[in-house]
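Shown next, in structure tokens, is the structure this report addresses.
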Amino acid sequence: MSLNYGVLLSGGGTNFQAIADHIAQGVLPGKIVLVISNKESAYGLVRAKKMNIPALAVKRKEYISEEAYYKAVGDLLEEKKVDYIFLAGFMRILPESFVHRFEGRILNIHPSLIPKYCGEGFYGERVHQAVVAAGERESGATVHFVDAGCDTGKIILQEKVPVYPQDTWEDVASRVLNVEHEIYTKAILKVIKEDGHGKKSAD
Ligand code: GAR
């Protein structure tokens, strides 16, 4: 059985690119069957098209309610028979109904050492700005399962990076992002193995 992956993103999509590259290199079994962005301008959609991966923007304002929006997003993913959904810089909080529909099969990457600098208001560059402002000497990245809370799901993998006194938030962001590109794939491998998709059955 081949594993099918769906990706949700809102921006540049470097994490999505790293996962796709690892699949192309044979490091990660399976296939990305659909990329959905809530933003039409997301560069992640361009990346997907360059790799011939089906990709589309599904905009919140085109739906009458949050519920209807996520029902549509979920239907698209289900039509593609996704086994797992990877949030890769998806800057929206998923409603409980969506989380339950894909229970235990949604992963997220967050650019801090959860439980530090996470939850509502902490996303993207804001995380790194807060880390530098607080004078932290380390930060990092976390891959976790998505539950009904915000960045509260079970942690799968975490990796630390140093923060130096002279660092700008951009320095920290780029150091963390490099780590993100490695640990997302490692975390996915861990999950699919634990779920019983051994190397043989997953490719
Ligand atoms: C990444 O740093 C990711 O951890 C973060 O957004 C960036 C997306 O970069 N996600 C969050 O802050 C979610 N709370 P990318 O589009 O280049 O992958």
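Bear in mind these aren't lab numbers, they're just calculated from the coordinates by the rules spelled out. This is a predicted model, so every value here is computed, not measured. Note that we place each Cβ from the backbone using ideal geometry, even for glycine, and neighbour counts take in every protein chain shown.
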Eigenvalues of the alpha-carbon gyration tensor of the stretch 55-173, times 5 and square-rooted, give semi-axes in Å, largest first, of 31, 15, 12
Normalised contact order of the chain, rounded percent, pairs of Cα under 8 Å and 6 or more residues apart:
21 percent
Residue-averaged 222 nm ellipticity for the chain, from DSSP H runs of 4+ at -39500 (n - 2.57), nearest 500
-11500 deg cm²/dmol
Find the relative contact order for the stretch 128-203 and round it to a whole percent, using C-alpha pairs within less than 8 Å whose residues are 6+ positions apart.
31 percent
When the chain is treated as a GNM, springs tying every alpha-carbon pair under 10 Å, which of 93, 106, 64 comes out with the largest mean-square fluctuation?
64
Cα-centred dipole magnitude for the stretch 100-203, charges only on beta-carbon of K, R (+1) and D, E (-1), debye, nearest 20:
420 debye
Most mobile of 166, 158, 25 per a Gaussian network model of the chain (Cα springs, under 10 Å)?
166
Of 134, 48, 68, which has the largest mean-square fluctuation in a 10 Å C-alpha GNM of the chain?
134
Starting at 0 and stepping by 10 Å, how many percent of the alpha carbon pairs of the stretch 135-203 end up in each bin?
19, 37, 30, 11, 3
Semi-axes of the stretch 26-78 from the Cα gyration tensor (sqrt of 5 times each eigenvalue, largest first, whole Å) come to 23, 14, 7
Taking Rh as the Kirkwood radius computed over C-alpha pairs, what is the Stokes-Einstein D of the chain at 25 °C in a medium of viscosity 0.890 mPa s, expressed in µm² per second?
143 µm²/s
